[in-house]
1. Which condition from (1) among the hydrophobic types (A, V, I, L, M, F, W, C); (2) touching a residue at least 24 places away in the same chain (Cβ under 8 Å); (3) out of contact with any Ser or Thr (no Cβ under 8 Å at 6 or more places or on another chain); (4) within 25 Å of Asp161 (Cβ to Cβ) is the one that Ala16 breaks?
2. I'd like the residue in segment 55-91 that is exposed (fewer than 13 other Cβ atoms within 10 Å of the Cβ) and in a loop (DSSP other than H, G, I, E, B) and, out of all such residues, is modelled with the lowest pLDDT.
3. Please pick out the residue among Ile163, Ile79 that is aliphatic (A, V, I, L, M) and not assigned by TED's automatic domain parsing to the domain that holds Pro46.
4. Which ones in segment 104-135 are basic (Lys, Arg) and part of a loop (DSSP other than H, G, I, E, B)?
5. Just to check your reading of the model, which residue among Thr57, Thr108 is among the hydroxyl-bearing types (Ser, Thr, Tyr) and free of Cβ contacts under 8 Å to residues at least 12 places away in the same chain?
6. Hey, among Thr8, Thr25, which residue is of a type in the set (Ser, Thr, Tyr), surrounded by 14 or more Cβ atoms within 10 Å (Cβ to Cβ) and within 18 Å of the chain's Cα centre (by Cα)?
7. Would you pick out the residues in segment 92-101 that are in contact with a Lys or Arg (Cβ under 8 Å, 6 or more places away or on another chain) and surrounded by 14 or more Cβ atoms within 10 Å (Cβ to Cβ)?
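The values are calculated or read from the model by the stated rules, or taken from the named source; none is laboratory data. Predicted model, so just to flag it, every value in this text is computed and none were measured. Note: ideal-geometry Cβ built from the backbone for every residue, glycine included; neighbour counts use all protein chains shown.
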Amino acid sequence: MAHRPETTDELAAWFAGQVPDDWFTAPPAVTVDREEIVVTGEIAAPSLDSEGERPETERGVAEESRISAFREETRGRRIKIAERAESMMRRKVSWVVRCGGTEVPFTTLSAPVMTRLRMPERQVLDTLIGAGVARSRSDALAWCVRLVSRNQEEWIDRLRDAISEVDRVRGEGPP
């Protein structure tokens with residue numbers, strides 16, 4: 001039986017081996033959590049008429065069109081790769097494609113998360129709903145998480161690096 005990828009680096013290598021070389025301009029990036037594996041690949045940006053600078057909207061339309069064509073052309077193979085990975089890793093696989101400045105997720109997982117909040121935290125969520133920022137407490141909580149992620153990105157990245165180091169050291173220990 002084949003080796004079951006365990007680490008994010010092993011998963012990235014597994015996907016690099018599964019994905020045809022002509023799909024992406026570089027090996028795909030792989031991001032993992034408990035429920036989902038997200039495979040992100042960069043495709044070549046379309047070349048537009050070189051006469052002067054093209055407006056941003058035209059570039060965006062061309063990039064979205066390129067991503068849409070890629071999605072249709074690779075659907076069958078992506079599904080087969082995802083099914084093999086999901087069976088082996090017991091996690092959902094999602095795809096994201098980047099082309100120039102445009103990034104499009106193809107089926108990403110939205111996982112429910114249960115939490116207990118006291119009144120002050122619930123009031124924050126209800127204020128966001130009342131102000132029209134969110135439609136529900138779930139949307140408001142997701143908005144808060146995105147805000148923290150964006151504003152504290154460096155700190156969050158340092159935490160992730162620390163967790164990876166702990167996992168690496170733990171893996172070197174006795175079974």
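1. All conditions pass for Ala16, except number (2).
2. The extreme case among them is Pro55.
3. Ile163
4. Within segment 104-135, Arg116, Arg118, Arg135 meet the criteria.
5. Going through Thr57, Thr108 in turn, just one is among the hydroxyl-bearing types (Ser, Thr, Tyr) and free of Cβ contacts under 8 Å to residues at least 12 places away in the same chain: Thr57.
6. Being of a type in the set (Ser, Thr, Tyr), surrounded by 14 or more Cβ atoms within 10 Å (Cβ to Cβ) and within 18 Å of the chain's Cα centre (by Cα) holds for just one of Thr8, Thr25, which is Thr8.
7. Passing the criteria: Trp95, Val97, Cys99, Gly100.
One line per residue, one yes/no per condition, for (1) at pLDDT 90 or above; (2) under 23 Å from Phe24 (Cα atoms):
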residue	(1), (2)
Val93	yes, yes
Arg98	yes, yes
Val113	no, no
Pro120	yes, no
Leu125	yes, no
Ile156	no, no
